[in-house]
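The values are calculated or read from the model by the stated rules, or taken from the named source; none is laboratory data. Everything numeric in this text was worked out from a predicted model, so none of it was measured. Methodologically, a virtual Cβ is constructed for each residue, glycine included, from the backbone with ideal geometry; neighbour enumeration extends over all protein chains shown. Accessible surface is based on the protein model in full, side chains and every heavy atom, while ligands, DNA and RNA are left aside. Shrake-Rupley method; radii C 1.70, N 1.55, O 1.52, S 1.80 Å.
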2 protein chains.
Amino acid sequence: MSAQEEAIGVSSAFGRLLGLEILKAERGEALVRLSMHDGLRNLHGKLHGGALFSLIDTAMGQASLSLSDGKPGSVTLECKVNYMRPVSEGELTCHAKVLHDGTRTQVIEAEALQEGKLVAKAVATFAKL
Amino acid sequence: MSAQEEAIGVSSAFGRLLGLEILKAERGEALVRLSMHDGLRNLHGKLHGGALFSLIDTAMGQASLSLSDGKPGSVTLECKVNYMRPVSEGELTCHAKVLHDGTRTQVIEAEALQEGKLVAKAVATFAKL
């Protein structure tokens, strides 16, 4: 098993710092969970936009990695995120899906939900390494 | 002094978790610093895109807050980020500037730099509360 294959489903150091849990990563899709805790709060006492973005970027990265078949993986080139609802407590999940798996790039979309309601939506371009 | 005025220049719980340092926040501009440490690494061993986004979002939030004059502040509605260089070690800074301070929204841009080189660029829309 290559280092990249081992990395599928494995949290990075940053993912562990935030408490991200990778629930699924296969066939171009991934599901990652984040449980709210006090270390993730912004100045309003809500989930920080950067922490929510980190959940999204990690789910996208895992969806991308799930298609790499032991190749060196990918990196985020650009991402657009829309925030729709604040998060105060509880768990949220992010589902990411590779929409286009090109030769050099991938287009990936993701939705973060809490109790069935859309919290944030993002679309990104990843570069294959 | 209101809670919001006190919040200018003060890191959130999430900012402290990452190690963000707010160097300046006045007249619609802000400068925030992040020093690389092992807790911020992605699966490639580089600075995680979510940590870099958190630096950018925090600088934008401080630039926004610096114009609020004790009003309840603002939240990120949407943001587009482009990543240009990986970061392995050392310090980087993010400068954010409010381009448009409207009645209900603000348009804010930010650049993250390391040793004079552009690492990431972002433009966002914030909603005034």
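Restrict the check to region A:41-63 and report whether at least one residue is more than 10 Å from the chain's Cα centre (by Cα), away from chain B (no Cβ under 11 Å) and crowded, with 16+ Cβ neighbours inside 10 Å. No, region A:41-63 contains no residue that is more than 10 Å from the chain's Cα centre (by Cα), away from chain B (no Cβ under 11 Å) and crowded, with 16+ Cβ neighbours inside 10 Å. For A:LEU34, the stated conditions do not hold, so it cannot be described as in contact with a helix residue (DSSP H, G or I) (Cβ under 6 Å, 6 or more places away or on another chain), facing chain B (nearest Cβ under 9 Å) and outside any loop (DSSP other than H, G, I, E, B). With respect to being crowded, with 17+ Cβ neighbours inside 10 Å and outside any helix (DSSP H, G or I), B:ILE22 fits the description. For the subset of region A:77-95 comprising residues that are without any contact (Cβ under 8 Å) to a residue 40 or more places away in the chain and not charged (D, E, K, R), which member is surrounded by the fewest Cβ atoms within 10 Å (Cβ to Cβ)? Residue satisfying both the conditions and the ranking: A:MET84. Going by the conditions given, is B:ASP57 in a loop (DSSP other than H, G, I, E, B) and acidic (Asp, Glu)? Judged against the criteria, B:ASP57 is not a match. Here is the figure for region A:5-16: residues that are more than 9 Å from chain B (Cβ to nearest Cβ) and part of a helix (DSSP H, G or I) total 2. Taking the condition more than 13 Å from chain B (Cβ to nearest Cβ) and within 29 Å of B:SER11 (Cβ to Cβ), does A:THR93 pass? Answer is yes for this residue. Scanning region B:60-80 for residues being in contact with a helix residue (DSSP H, G or I) (Cβ under 6 Å, 6 or more places away or on another chain) and in a strand (DSSP E or B) gives a total of 2. Scanning region A:64-76 for residues that are open to solvent by 10 Å² or more (accessible area, probe 1.4 Å), more than 9 Å from chain B (Cβ to nearest Cβ) and at negative phi yields A:SER66, A:LEU67, A:SER68, A:LYS71, A:SER74.
Considered as a group, the residues in region B:115-129 that are aliphatic (A, V, I, L, M) and surrounded by fewer than 20 Cβ atoms within 10 Å (Cβ to Cβ) include one that is nearest to A:VAL75 (Cα to Cα), and that residue is B:LEU118. Annotation: of all residues in region A:17-31 being free of Cβ contacts under 8 Å to residues at least 40 places away in the same chain and away from every other protein chain (no Cβ under 14 Å), the one that is nearest to A:ALA124 (Cα to Cα) is A:LYS24. Yes or no: B:VAL98 surrounded by 17 or more Cβ atoms within 10 Å (Cβ to Cβ) and either assigned to a loop (DSSP other than H, G, I, E, B) or without any contact (Cβ under 8 Å) to a residue 24 or more places away in the chain (or both)? When the stated conditions are applied, B:VAL98 does not pass them.
Among the residues of region A:104-114, is any at pLDDT 95 or above, open to solvent by less than 20 Å² (accessible area, probe 1.4 Å), within 17 Å of the chain's Cα centre (by Cα) and within 23 Å of B:SER11 (Cα to Cα)? Even if it seems obvious, please write down each step before you answer.
Of region A:104-114, the ones at pLDDT 95 or above are A:104-114.
From what's left, open to solvent by less than 20 Å² (accessible area, probe 1.4 Å): A:106, A:108, A:110, A:112.
Subset that is within 17 Å of the chain's Cα centre (by Cα): A:106, A:108, A:110, A:112.
Then drop every residue that is not within 23 Å of B:SER11 (Cα to Cα), which leaves none.
Looking through region A:104-114, none of the residues is at pLDDT 95 or above, open to solvent by less than 20 Å² (accessible area, probe 1.4 Å), within 17 Å of the chain's Cα centre (by Cα) and within 23 Å of B:SER11 (Cα to Cα).
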